[in-house]
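Novice: Let me give you the structure first, and then I'll get to my questions.
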Amino acid sequence: MHITEPAADSDAMLPARQRRQVLAALPLLGSTLLLAGCGSTLRSSKQAQRRPAPADGQLRTRYPQLAARQPVLLDNQLREAAVARAMLVVNTPYRYGGNTPEGGFDCSGLVQYVFSGIADRGLPRSTRQWAEGSTPLDLSRLQRGDLLFFNTSGTPFSHMGIHIGNHQFVHAPSTGGTVRTDSLYNRYFAPRFDGARSVFRRA
């Protein structure tokens, strides 16, 4: 459909010099609006530029070794119940110190919530306690319900999630985020991988 513009009122038109100034400023204005709309993304990009990230799939293979102290050792038949319980709280807001769907979750609070619903014993709370309460696991033996650990703060075993299959895991990432699924081979998590561990008895 062709739209015919009305004739311009010469008194309302900007002088040629001002029109040129406005037109010259449009690209700058557009860039300013774009920056305002994606400020958090730009900050993340600048942070990423400080340390080069490897290509997707470049999984860290040398990570800290930690012997299990008083491993939890749950029944293998509870794996699917753990995964189902984790998936039910996807999109719950992150909250530091949180361990309930109503109050939100931090990463270890999410894991404690998931396993407290299927275990009849006391459970660890912090990521380090979970690492010490689980047995190291080779990735070739990874199963649904096992734990994945990461160094996201400069400290080993500072973040964790629950493996749900196909190298995907459920976790509570950070302030302002929600419980979500990510890939172990995610560009951020792969180089920070601290190993897989299990709270289940091995068959």
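Novice: Filter the stretch 84-132 down to the residues that are more than 18 Å from the chain's Cα centre (by Cα), assigned to a loop (DSSP other than H, G, I, E, B) and among the acidic types (Asp, Glu) and list them by number.
Specialist: The answer is 102, 120.
Novice: Further question: Hey, among 65, 77, 70, which residue is modelled with pLDDT under 95, surrounded by fewer than 18 Cβ atoms within 10 Å (Cβ to Cβ) and out of contact with any strand residue (DSSP E or B) (no Cβ under 8 Å at 6 or more places or on another chain)?
Specialist: Being modelled with pLDDT under 95, surrounded by fewer than 18 Cβ atoms within 10 Å (Cβ to Cβ) and out of contact with any strand residue (DSSP E or B) (no Cβ under 8 Å at 6 or more places or on another chain) holds for just one of 65, 77, 70, which is 70.
Novice: Taking the stretch 140-170 as the region of interest, how many residues are surrounded by fewer than 16 Cβ atoms within 10 Å (Cβ to Cβ), of a type outside the set (D, E, K, R) and at negative phi?
Specialist: So the answer is 3.
Novice: Looking only at the stretch 125-139, decide whether some residue is at pLDDT below 95, crowded, with 17+ Cβ neighbours inside 10 Å and under 18 Å from residue 75 (Cα atoms).
Specialist: Scanning the stretch 125-139, I find at least one residue that is at pLDDT below 95, crowded, with 17+ Cβ neighbours inside 10 Å and under 18 Å from residue 75 (Cα atoms), so the answer is yes.
The values are calculated or read from the model by the stated rules, or taken from the named source; none is laboratory data. Computed from a prediction, not measured in an experiment: that's the story for all the values here. Backbone-built Cβ (ideal geometry, glycine too); neighbour counts: all protein chains shown.
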